[in-house]
1. Can you pull out the residues in region B:146-161 that are in a helix (DSSP H, G or I) and more than 19 Å from B:GLY80 (Cβ to Cβ)?
2. Any residue that is touching an Asp or Glu at 6+ places or on another chain (Cβ under 7 Å) and at pLDDT 80 or above - is there at least one of those in region C:158-175?
3. With region C:91-167 as the region, which helices (runs of 4 or more DSSP H) entirely inside it contain at least 3 residues that are aliphatic (A, V, I, L, M) and buried (at least 22 other Cβ atoms within 10 Å of the Cβ)?
4. Just give me the residues in region B:196-215 being under 17 Å from B:ALA156 (Cα atoms) and in a helix (DSSP H, G or I), in sequence order.
5. State yes or no: is C:ILE20 surrounded by 15 or more Cβ atoms within 10 Å (Cβ to Cβ) and within 8 Å of chain A (Cβ to nearest Cβ)?
6. Mind counting the residues in region A:118-143 that are under 22 Å from A:PRO107 (Cβ atoms), more than 9 Å from every other protein chain (Cβ to nearest Cβ) and free of Cβ contacts under 8 Å to residues at least 60 places away in the same chain?
7. Only one of A:ARG94, A:ARG88 is without any contact (Cβ under 8 Å) to a residue 12 or more places away in the chain, charged (D, E, K, R), under 30 Å from C:THR258 (Cα atoms) and more than 8 Å from chain C (Cβ to nearest Cβ). Can you tell me which?
8. So, of the residues in region A:165-190 that are more than 12 Å from chain B (Cβ to nearest Cβ) and hydrophobic (A, V, I, L, M, F, W, C), which turns out to be surrounded by the most Cβ atoms within 10 Å (Cβ to Cβ)?
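The values are calculated or read from the model by the stated rules, or taken from the named source; none is laboratory data. Since we're looking at a predicted model, the values are computed, not measured. We place every Cβ from the backbone using ideal geometry, glycine too, and count neighbours over all the protein chains shown.
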Amino acid sequence: MTQSIAKFLIWMGALSTIAVMILILFQILKEGLPVLHLRFFLDSPKNMGREGGIFSTIIGTMALTGVAILFGAPLGVGTAVFLREFTRESKISRVIRFGTDCLAGVPSIIFGLFGFVFFVIQLNMGWSILSGGLTLAAMILPTVISTSEESIRAIPPSYREVSYSLGGTKWQTITRVVLPSALPGIFTGILLSIGRSIGETAAVILTAGSSLVMPTSLFSPIRTMSVHFYILAREGISMEMAYGTGAALILLVLMINMMAQWLINRYIRHRT
Amino acid sequence: MQANSKASLWFLTLILILLTLGCQRSKAGITVAGSTSVEPFAGLLAEEYMSRHPESHIYVQGGGSTAGIEAVITRAAKIGMSSRNLIGEEKKLYTVTIAKDAIAIIVNSKNPIQDLSLNQIREVFAGNIKSWDKLGGASHPIILVTREEGSGTREAFQKFVMGKEDISLEALVQDSNGAVRQVVASNPNAIGYISLGLVNNQIKALKISGVEPNLTDIENGKYTLVRPFLFVFNEEPVGEAKSFLEFVLSPLAQKMLFKEGLVPVLAKIAQE
Amino acid sequence: MPVKEKIIEKIFLLIALSSITILALITFFIFEEGLPLILKIGPKAFLLGERWIPSKGAFGIFPMIASSFWVTSGALLLGIPLGLACTIFLTELIPPSIGILLRPAIQLLAAIPSVIYGFWGLIVLVPLIQNYLGGPGLSILAGSLVLSFMILPTIITISEDSLKALPPSYKAGALALGATHWQTIWRVLIPAARSGIVASIILGMGRAIGETMAMIMILGNAVKMPTSFLDSARTLTTNIGIEMGYASGDHRQALFATGIVLFFIIMALNTLAIFLSRRRVH
């Protein structure tokens, strides 16, 4: 008896959760998809966002994410390599892991404060793609580290042993055996980080500014898609534009994550 | 692709980026930062200016009057936008009034109230009058909406309306004129204050003791909630900044501002 | 050769120290900017003061601490039961084939930017609350509801991992002893996975406390002590977010000081979660 009631409640709970989630996405996509024609993507915002498209914000998003990956990926993969290839469980590795775990928990507004006082003011980079990108790089670091570590760990020790027995150095083993095999997993981690960077708003506003103009260099301020969406939504400048930007955001993030999922599946199937 | 060449590719890209960084530090273009009240108008004028001078880049962003003034002092921005007069240390900067703006007290369009006295408005925002029926409306609680601390608009409101009294801590706080307008537009019991230039048909601007916030009554001084929109510089502007300033003060630009709801001011320069 | 190997190892060591370096930098700068103000007005006045009026030099953040607590509690109140329900649903109540479909779907939901959730809250929840429950609509209730959905993926994924990590003998044994499916779930499996589930809740809590953008959009940001779920409120995060752009001098320092408090709370929560989840491995 209790079992039926309990199971019923669980079904209700789970189904209503799924229903609400679908509702949320549906609402935005329903209003937003009609707005997404080619001009929307290729035109820059005009009239403070009331008209035109979102081109400059797309470029801004790409630039910011690009800088974040450029700095975050090597640092993250390098850390993972160090943890897996150069040490056993030791004081150093514990400290590094602690640092990484803590960093993963820092809220984005704190990153924003840090990025503002460090990159924008202290290093005098101003509100720029660089300031925003470097801040984002710090934010994605833990994700890249843990996914890279996972994939490196999954490589059988035999791979390395074969390499050594054939006379390979450590460096050669890492670059020619370990990393290439771990690449799909590493790439997945990078994809997930890209997805996170795209959706990041708080830290970006404080470090990259909110200018709608096409950037000319890494030191130009820029508005990303999620910042544009936030501003449009709050100021009621144009509901149509807001929905459109929101829909574009959702589609972009979904696409990236689905790619990551597909990679995970293929990778796991490939391994077993 | 060999892992080694991949690593070298990373390196090469990094070096390229660093080179680009070095060369681009002196980016073309100027940053205009500050008051979110001035921002949409500055943005509009920047768009117009850039369409006439295709090689120039003007990056407009918000942050608030105080932040904008500070950005000028720290040289993070070339031009600062302020919707309040400079105080204390700030007075050493070079300022130019580019327009005048009135603050409108707004209520929801469904609200039957048309007119309030300055006293009544003060008492309402201080939290002493809590219900609409004390003002001749229905017996619903008054929902206050204010701008955040540090906003030039709020400071002007504080100075002109509140005097020594504090704005009630119960008030909802929004961080831009547009957001305040949104809240008032969607809540029949809300009252707030925004830049007159941003009043649209979603909300209603109140008369103050019979005086309407229109151009005539602002110019003849009957409507007193008027504040200057300032461009702030470190010193007398030269080059691109000067060119943009001259454009902003030109009849064409001033006419644009007037169309948007501001009070134009031709060639009125204040050097503190 | 060994020299070259040594150099390579050192380079990798340097790279690996980046995360702890960044953490140190963040801590340093936040404290450098915020600590002077806390010392200036005294920790008690700062943490327990109930009035936040920067223009008059009043920097009490107690209302913000209380509001963060209210909003997070509300989110957990809804998030924990729903999260547990979904976890049990995924692991025990549906055939594995559907599970393969649903699990990626949850990951996808976790990736949706918070501003989208905030927007939905603004468009749908706020008017609903305003019209049917009263108050301005921009309220703690709206914030809690939206937050609970945002932390669901965290709770679900980690709890699910803990349940899956249990030895199959637990379930087989319980059933063999005559327990019903539900009894097995509720009295054997869940308690066994307890520390992982608690860890997931704590991490969810950390995420809830740290959320900014969606909260700015739907909480209303009034600076007062909350007295009901229908009240508008301002959390530690939104306090920083909404005034950061405009602040200077003491005001800005006070915002960094708010960041310090936030930092402490989240670090404490996360360390607790790490500790709990490491323990469960045994």
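1. B:PHE157, B:GLN158, B:LYS159, B:PHE160, B:VAL161
2. no
3. Result: C:140-164.
4. B:LEU196, B:GLY197, B:LEU198
5. Here the answer is yes, as C:ILE20 does meet what is asked.
6. Of the residues in region A:118-143, 0 are under 22 Å from A:PRO107 (Cβ atoms), more than 9 Å from every other protein chain (Cβ to nearest Cβ) and free of Cβ contacts under 8 Å to residues at least 60 places away in the same chain.
7. A:ARG94
8. A:ILE190
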